[in-house]
């Protein structure tokens, strides 16, 4: 019988909340400008691309942490 999935750690919940808030209010207000251009992108677009990448990295870390816990449980 499988055990119930565990809840994410408090640190991961805070991390994903900060990432989500950075892409909506109030984070979007900070980045709402065109200049400076970064990697050829307006700053506002770069802001979103950077946070999407940060979310991706966090998801990879969470997945590996969860997979390691499953191996330990077996």
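The values are calculated or read from the model by the stated rules, or taken from the named source; none is laboratory data. This one's a predicted model, so the numbers in the text were calculated from it and none came from an experiment. Cβ: placed from backbone, ideal geometry, glycine included. Neighbour counts: every protein chain shown.
Please work out which residue is surrounded by the most Cβ atoms within 10 Å (Cβ to Cβ), limiting yourself to region 40-51 and to residues that are assigned to a helix (DSSP H, G or I) and touching a helix residue (DSSP H, G or I) at 6+ places or on another chain (Cβ under 8 Å). Ranking the qualifying residues of region 40-51, first place goes to 47. Based on what the data block shows, is residue 33 surrounded by 10 or more Cβ atoms within 10 Å (Cβ to Cβ) and part of a helix (DSSP H, G or I)? In short, no. Filtering 11, 58 for residues that are under 13 Å from the mean Cα position of the chain (by Cα) and either in contact (Cβ under 8 Å) with a residue 40 or more places away in the chain or not in a helix (DSSP H, G or I) (or both) leaves a single hit, 58. Within region 14-30, the residues that satisfy the criterion of being at pLDDT below 85 and either assigned to a loop (DSSP other than H, G, I, E, B) or within 10 Å of the chain's Cα centre (by Cα) (or both) are 25, 26.
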